[in-house]
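Notes follow once the structure below has been shown.
Just so you know, all these numbers are worked out from the coordinates, no wet-lab data involved. Here the structure is a predicted model, which is why all the values come from computation and not from measurement. Because the Cβ atoms are built from the backbone with ideal geometry, glycine has one as well, and the counts that use them run over all protein chains shown.
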Amino acid sequence: MKHLLKSCWKWILLLLFLFGMVLITGMQAEKASDIEVLPHREGELVFSMTLADYIDRYNDGYWKDYKTRYLPPASEWRSQRYDTAIHSSHAAICYDFTEDETKWSLPTISIYVPADSDQIQELTIDFDDHSYTEATYDLYEELCFYTLQVFFPDMEEAQIIALYQTLNRLAYDNMFPNEQGYGSGIVPCALFYQDGIGLYPYFAEGESLHLCIIPVTEQTINEFTQKGTVLYEIATMQERQPASKPAPLYDIAPDIVPVSAESGIFADLPADELDRITQICQNIASICGDLFQTAEKVPSPYMPDQLVLAQSSIDAIETRLIHQGYTVLDTDSTYPSFLQNADGMYHFWDAVQNGLDGRQDYIWISPYGGFQYCSLETRADGPYFLEAAAQWNERNEIEITELYKREVLDWDLTENGNFYYKLYEAHSPAFEDYTLLRLKETDRTLYNLNAAYIEPVGYQSNNLFTCSWNHTDYGALCFNDLLEFCYRMNTEQILDISALPCQENPFYYQIPAVMFEESILPYFDISLQTFREKTCYDKNSNTYPWLDVAYDNLSYFPLITPEVKACQQNSDGTITLTVDAMCVGLKQDSLFRHKVTIRLQEGGGFQYVQNQMITTSQELPAYQPRLQMQRG
């Protein structure tokens, strides 16, 4: 229910939040909760709430919605001692909780307490954006919601949602490109506070997204002000110290500060390397600056209030650079990006394989009106990746606004023309986060088949394509877990579960037979009797049990991109697609291969006839149906 509200009414809720706060401007706000701010050791503040108190209050709110406790006792949380905390120079213990410790991509709750106390001095909710999936981000927002409900128990749900969505958007809009990870000395872009409770967002390149909660006093607030943090009182949503040009709450962003070699920011780079980067960026600007200035701009599909370059304008810029001989990341709104003029990448890889020095540059055009100059380099002292961001300033001059150089931990070029590389992250050297550069254009006919028949279901939270079955023996295929995917394909709408009847103990939704059968049966050649036997049909209520994806039934599977490699026309009128399950996170062009047979029908309909697992590069995790009654 709440996750639908969060995803579908994001901007409406934000406006409602702001409007509601404006109504009480100037009024005396009631205290947010009974949580007090207390001094502990010198220069250290804590909340009166302990870790155990937080767990109990979180579970109280969660129980009202789900009739179950979510957070385990503190004794079951991971813990680690630190000599200093984020906002304290004294020793502290950090407690971490995640739904499943074997699933590193799930969001976490981190709580810092003094080494000699269990009172909370800081709480962060953390999301690994590098491994983004809709399900994991929904879980992150759920953690945000119930945590803010602990600190602001009297706040309306819509206002809580708008508050954390505002904080998270500020984090994305104000990402720190050169930070060394979340730690002491950070200066957040904004601080929201009420009754001693302070909230701020934090996100740095290579870091996780953080929503941070700390105790604050007037002294704390003044210190943030002196550092340049924009402050907002939650009760009135008024900026504490308005800037000369106040910005709306939902559009706070620092000015772009041009940087140069003289500024000292790039002091660790040799002067000749800085000169080379500057010259390349100036050359690119001179080649296509006129196209940037006259480019058509359209509302962003992700941030409708922001304008971005139209795809046709990006294509024109890319084409001109390609004709000038530059290696360019050819982007498209529909098909995967790939490198044009990529022959140099193969020569570069030969140099890598033979222990020789080499460098390969490429350019990609930012939809926000600038471009990125990227460089892969192999030298005697190791492999490196360099990236410079260039933008036009108000004087219509090109300026380098960001520049970083990092060690490459691993890279590989596969036979399929896929180049993977992983960068060293200062805060987590072992962090496995590969980037993929395609050196070949995707076959668009095969990609269209992929988009029509494979991607709408995919591999997350269902096992349609991860087990072998056919229309005479469906084996371990779980039809119940296909409901939302088939419903969306059939109706072109997202399944709204807010009005669905449910059973409380054990909890599951009771899907009316007509709705369930009309959603799934058209896609399979199966008798109604067999279908009902495999789906736990309840004759008495004429319903089917079903659960949406939740934290206690989520089946972890690596983030996979399906790629149709071949299409075979069969004599019976069906087609068989050979599909490679690409896993960028594991540097695999084909984590496994499967063949899907499809029967095309008149009017654009189709049926899944068979899935056959062909090869796997490693053992795959066993699938766990969402419904307890269907688990072995």
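A few points about this structure:
- Segment 445-630 - percent relative contact order, Cα under 8 Å, separation 6 or more: 23 percent
- Qualifying GluC sites (Glu not before Pro) in segment 523-632, DSSP loop, other Cβ atoms within 10 Å at most 12: Glu619
- Anisotropy class assigned to segment 346-497 is prolate, per the alpha carbon gyration tensor with a/c at or over the 1.5 cut-off and a/b larger than b/c.
- Listed cross-link partners Lys103/Lys422; Lys534/Lys587; Lys440/Lys595; Lys227/Lys297; Lys534/Lys595; Lys103/Lys587 are compared with a 26 Å cut-off, the Cα-Cα value being larger for Lys534/Lys587; Lys227/Lys297.
- Amide H contacts of Ile511 (H built 1.01 Å from N, under 5 Å, at least 5 apart or other chain): Tyr544, Trp546
- Cα centre as origin, Lys/Arg/Asp/Glu Cβ charges: the chain dipole, Debye: 1280 debye
- Backbone HN-Hα couplings from phi across segment 560-575 [Karplus 6.51/-1.76/1.60, Hz, Gly and Pro as x]: 10, 10, x, 9, 6, 9, 7, 10, 10, 8, 9, 5, 8, x, 7, 10
- Selection from Thr327, Gly417, Ile314 lying farthest towards where the dipole of segment 261-441 points positive, charges on Cβ: Ile314
- Placed amide H near Gln119: partners under 5 Å, 5+ positions off or other chain: none
- Length-normalised contact order of segment 70-133 in % [C-alpha pairs under 8 Å, at least 6 apart]: 23 percent
- Among beta bridges from DSSP that stay inside segment 445-630, the antiparallel ones total about 95%.
- Using 0.36 nm per residue and subtracting the Cα-Cα separation, the extra length available between Phe507 and Thr84 on full extension is 147.9 nm.
- Evaluated with a Cβ-only charge set (Lys, Arg +1; Asp, Glu -1), segment 311-437 carries a dipole of roughly 200 debye about its Cα centre, given to the nearest 20.
- One chain, two ends: Glu455 and Glu394. Fully extended at 0.36 nm per residue, the span grows by 17.7 nm beyond their Cα-Cα distance.
- When the square roots of the Cα gyration tensor eigenvalues are ordered a ≥ b ≥ c, the ratio a/c for segment 268-338 is 1.5 or more and a/b exceeds b/c, which makes its shape prolate.
- The Cα atoms of segment 445-630 cover 45, 39, 29 Å along the three principal axes, with the biggest extent listed first.
- Inter-label distance, Leu269 to Gln529: 7.3 nm, where each label sits 7 Å from its Cα along the C-beta direction.
- Derived scalar couplings ³J(HN,Hα) [segment 117-127; Karplus, 6.51 cos²θ - 1.76 cosθ + 1.60; whole Hz; x for Gly, Pro]: 7, 10, 7, 6, 10, 6, 9, 10, 10, 10, 10
- Amide hydrogen proximity for Glu36: with H placed 1.01 Å from N in the peptide plane, the residues at 5 or more positions away or on another chain lying under 5 Å are Ser48, Met49.
- Which of Ala295, Pro545, Pro107, positive extreme of dipole for the chain (C-beta unit charges): Pro545
- Were the residues from Asp433 through His347 laid out at 0.36 nm apart, the gain over their Cα-Cα distance would be 28.5 nm.
- Taking label positions 7 Å along the Cα-Cβ direction at both Leu38 and Asp357, the computed distance is 6.3 nm, reported to one decimal.
- Relative contact order for the chain, counting Cα pairs under 8 Å that sit 6 or more residues apart, in percent: 8 percent
- Pairwise centroid distance, computed over Cα atoms, of segment 319-338 with segment 528-588, Å: 34 Å
- Selection from Gln588, Phe127, Gln279 lying farthest towards where the dipole of the chain points positive, charges on Cβ: Gln588
- Distance between segment 612-630 and segment 103-154 - C-alpha centres, whole angstrom: 29 Å
- Taking every DSSP helix (H) stretch of at least 4 residues in the chain, weighting each as -39,500 (n - 2.57) and dividing the sum by the residue count yields a mean residue ellipticity at 222 nm of -8000 deg cm²/dmol.
- Ranking of Arg276, Arg78, Arg593 by neighbouring Cβ atoms within 10 Å, starting from the fewest: Arg78, Arg276, Arg593.
- Sites Cys536 and Ser333 - FRET efficiency at Förster radius 41 Å, r taken between beta-carbons, to 0.05: 0.50
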